[in-house]
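**Q** Following this message is one structure expressed as structure tokens.
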Ligand code: F6R
């Protein structure tokens, strides 16, 4: 794994956009898996600008969503569906047939997870994952304690995930489960780009870099990923031991 520290959120986001565009440039039919949330917002906005500027064609790639809030319909502005369409898929003019996002309204959770598993397996694994990091160390909705051999599954969300998750929604929501690509599939991705910014993520970055790499803080497993890149801004790196202090 490689750690990269950037002066601020803008530079961090620009570097992440470069990586996304670079992945599709070198493998036009790549399978890309994207998180939502505050962290990658700017990176996604910059991706379409950069792709256009550098003439990188996204029409052969396939995009999957990393996760979704169970029971939240796609038209809800707080859903991962809505976010990905708004910030990434529409600006990049991605065709519907190039995308699979979890159906959080499904009556058959097992079938929904199987669908995602077959897309990933059919491609021979994920080429590129962009993930954020929860304050409890979750990776996607792989909450602390998730086994490393986990495939796509429905997870019971921790209280902190539910409480913090409320920030994405305009109304009060009562969500207790999330559906997510599994830890195994994320860890087997060729590239795992994990991003964090801001002072509130500083303890998380410290734990990832200086604590034990374990399922009790899933994001820390990036340390065992050969193609792992942890990109943070100065604020998120501010509690690290030298040389980043
Ligand atoms: C969302 C996801 C989550 C977030 C994490 C950080 O699709 O996978 O794991 O990445 O909760 O969220 P933000 O970026 O809002 O701090």
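**Q** Looking at this structure, is residue 111 within 15 Å of residue 179 (Cβ to Cβ) and surrounded by fewer than 16 Cβ atoms within 10 Å (Cβ to Cβ)?
**A** Yes: the conditions hold for residue 111.
**Q** If you don't mind, another one. Within the bounds of the stretch 92-102, is there any residue that is surrounded by 21 or more Cβ atoms within 10 Å (Cβ to Cβ), within 30 Å of residue 221 (Cα to Cα), touching a residue at least 40 places away in the same chain (Cβ under 8 Å) and touching a helix residue (DSSP H, G or I) at 6+ places or on another chain (Cβ under 8 Å)?
**A** Yes: the stretch 92-102 contains one or more residues that are surrounded by 21 or more Cβ atoms within 10 Å (Cβ to Cβ), within 30 Å of residue 221 (Cα to Cα), touching a residue at least 40 places away in the same chain (Cβ under 8 Å) and touching a helix residue (DSSP H, G or I) at 6+ places or on another chain (Cβ under 8 Å).
**Q** Just checking, does the stretch 117-135 include any residue being more than 16 Å from residue 33 (Cβ to Cβ) and within 16 Å of the ligand (Cβ to nearest atom)?
**A** Taking every residue of the stretch 117-135 in turn, at least one turns out to be more than 16 Å from residue 33 (Cβ to Cβ) and within 16 Å of the ligand (Cβ to nearest atom).
**Q** Here's another thing I want to ask about it. Taking the residues in the stretch 136-153 that are near the ligand (Cβ under 10 Å from one of its atoms) and part of a loop (DSSP other than H, G, I, E, B) as candidates, determine which candidate is surrounded by the most Cβ atoms within 10 Å (Cβ to Cβ).
**A** The qualifying residue surrounded by the most Cβ atoms within 10 Å (Cβ to Cβ) is 141.
**Q** Residue 61 fails exactly one of the following numbered conditions: (1) within 19 Å of the chain's Cα centre (by Cα); (2) more than 22 Å from residue 177 (Cα to Cα); (3) surrounded by fewer than 20 Cβ atoms within 10 Å (Cβ to Cβ). What is the number of that condition?
**A** (3)
**Q** Now, a different point. Scan the stretch 99-123 for residues that are closer than 20 Å to residue 89 by Cα and in a helix (DSSP H, G or I) and jot them down.
**A** 116, 119, 120
None of the figures in this text is laboratory data; all of them are computed from the coordinates on show. From a predicted model like this one, the values you see are computed outputs, not experimental measurements. For neighbour counting, all protein chains shown are included, and Cβ atoms are generated from backbone atoms with ideal geometry for every residue, glycine included.
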